[in-house]
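Structure first, commentary second.
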Amino acid sequence: MKTYFTVLQSVYKKDNPIFLYQSLQSIAENTVQPYSVVLVKDGILNHELESVISEWQSKLPLKVVGYEKNQGLAYALNYGLQFVETELVARMDSDDICFSDRFEKQIAQFEVDSSIEILGGGIEEFYIEENGTEFRRVRLYPKWTDSKSRTLYRGTPVAHPTLMMRTALLKEFGYSESTKCNEDIDLWFRLLAVGHRIKTLQEPILHFRLTDGTFRRRSVSKALDEYSIYTKSLRHFNGMTKNDIIPLMRLAARFLPGSLNKKAYLSQKRQKLFKENLMNIKSLNNQVFMKNGHIFEAVIQFEENGIQMIKAVQLDSKSKCIVEVPASEVELFRTSESVDVSLEVKG
């Protein structure tokens, strides 16, 4: 993988040092390594967190920056962006755990489709009770989102910690520091409003940790601000519609006490937010193509939004990344038999 990227994280004094250790470890164990990890200290940290950071400075390309007074996540990310020098930037929080092939799968998408600007992925939510009982659930997001997508009424189009994005675009838009912890939702709507599209991989790439603090942070103030962002943006996109009731229902649920909010969240059965209908599917047997120095085996050709697309498997990849690329951008070559390529991959 030739494309360089930076991981952008923030940490502050109330973060759990064990969770931070696990998060940094998951970066170090990825099949493709970042050019750098910009870690922003959002205020003065305690000894335990400093010890974790010190330990990982010899194992990761950490660039530790920060300031003395806690300013919040949006400010921290904007501050950290000035130290990102790569074409792409990946987000994750200090308690998230990447799948070992997260970065490899995301980079593969950018390398085969230059039109992608904003890319997320699915998450595996997990919550561990005090008695050790674990709750786990995979949550997927819409494959493509634009300003007219109906799925916007149902919730955020991308999980912020799974974000990989073109750095220049993120620096151009930045995070709003006046959105009461809704800086990610505000960013998505501002991007969509001027015509950008968001893509997400239809598979989990990150373990998303739920704690009791997750539900306590769902304050009424945050919920009202989120509702305001949703309604103003959606009415700007589509005017008033019957779907306006959906954000209102989500707002009402946020008024539940933290314990009930948690119970409701963990017990509900969530289905995929969006199902892709592949039109005019054509099987592609024993055909390969090269792109950006990588070899792919074509699987199917299908139509998406009037464009012929090819779904393919990257053969020179440890995790056999699945990619989609416009058919017009590649030239297929037929092989005499099924392709079985095994190449050593160097990060």
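For the set Lys41/Lys180; Lys14/Lys41; Lys63/Lys171; Lys143/Lys180, the pairs lying more than 22 angstrom apart at their alpha carbons are Lys143/Lys180. Measuring from a point 7 Å past the Cα of Thr86 along Cα-to-C-beta, which residues in the range 153-179 have an amide N at less than 14 Å? It comes to 163-168, nothing else. Across the range 6-135, the fraction of Cα-Cα pairs farther apart than 22 Å, rounded to a whole number, is 39%.
What is the chain's relative contact order, in percent, from Cα pairs under 8 angstrom and six or more apart in sequence? Spell out each step's value before the answer.
Details: 664 pairs, mean separation 55.8, N = 347.
Averaging sequence separation for qualifying contacts and normalising by length gives 16 percent for the chain.
Overall, the anisotropy analysis places the range 164-251 in the rounded class: the square-rooted eigenvalues a ≥ b ≥ c of its C-alpha gyration tensor yield a/c less than 1.5.
Hey, got the dipole for the range 1-143? About the Cα centre, +1 on K and R Cβ, -1 on D and E Cβ, debye to the nearest 20? If you can, show how the numbers build up before the last one.
Working: 14 positive and 22 negative charges, 49 e Å.
I would put it at about 240 debye.
Expressed as a rounded percentage, what relative contact order does the range 9-123 have, with Cα pairs under 8 Å and six or more residues apart? About 38 percent, as a whole number.
Taking a 32 Å limit on the Cα-Cα distance, which of the listed pairs Lys282/Lys318; Lys232/Lys320; Lys69/Lys222 fall beyond it? Distance filter (> 32 Å) returns Lys232/Lys320. The slack between Thr133 and Lys148, meaning 0.36 nm per residue of separation minus the straight C-alpha distance, is 1.3 nm.
Which value, in debye to the nearest 20, describes the size of the charge dipole of the chain about its Cα centre when Lys and Arg Cβ atoms bear +1, Asp and Glu Cβ atoms bear -1, and nothing else is charged? The partial results should precede the final answer.
On the way: 46 positive and 44 negative charges, 287 e Å.
For this selection, approximately 1380 debye.
Here the contact order of the range 92-183, divided by its residue count and restricted to Cα pairs under 8 Å and six or more residues apart, works out to 29 percent. All Cα-Cα separations within the chain were binned at 20 Å from zero, giving a P(r) of 28, 58, 14, 0, each value a whole percent of the pairs.
Keeping every protein chain present and rolling a 1.4 Å probe, give me the accessible area per residue for the range 40-197 in Å². Could you put the intermediate results ahead of the total?
Working: 6340 Å² over 158 residues.
Per-residue accessible area for the range 40-197 comes out at 40 Å².
Each of Phe110, Thr133, Ile123 was scored by the projection of its Cα onto the charge dipole of the range 88-146, and the greatest displacement toward the positive side belongs to Phe110; charges sit on the C-beta of Lys, Arg, Asp and Glu. Here the Karplus relation 6.51 cos²θ - 1.76 cosθ + 1.60, evaluated at θ = phi - 60°, turns the backbone of the range 125-139 into coupling constants of 6, 9, 9, 10, 5, 4, 7, x, 5, 10, 10, 9, 8, 8, 10 Hz, with x for every Gly and Pro. Dividing the summed -39500 (n - 2.57) terms of all DSSP H runs of n ≥ 4 by the residue count of the chain sets its mean residue ellipticity at 222 nm at -9000 deg cm²/dmol.
The values are calculated or read from the model by the stated rules, or taken from the named source; none is laboratory data. These numbers were taken from a predicted model, which means no experiment stands behind them. A quick note on method: Cβ atoms are made from the backbone with ideal geometry, for glycine too, and the neighbour counts reach across all protein chains shown. All accessible areas refer to the heavy atoms of the entire protein, side chains included, with ligands and DNA or RNA removed. Shrake-Rupley method; radii C 1.70, N 1.55, O 1.52, S 1.80 Å.
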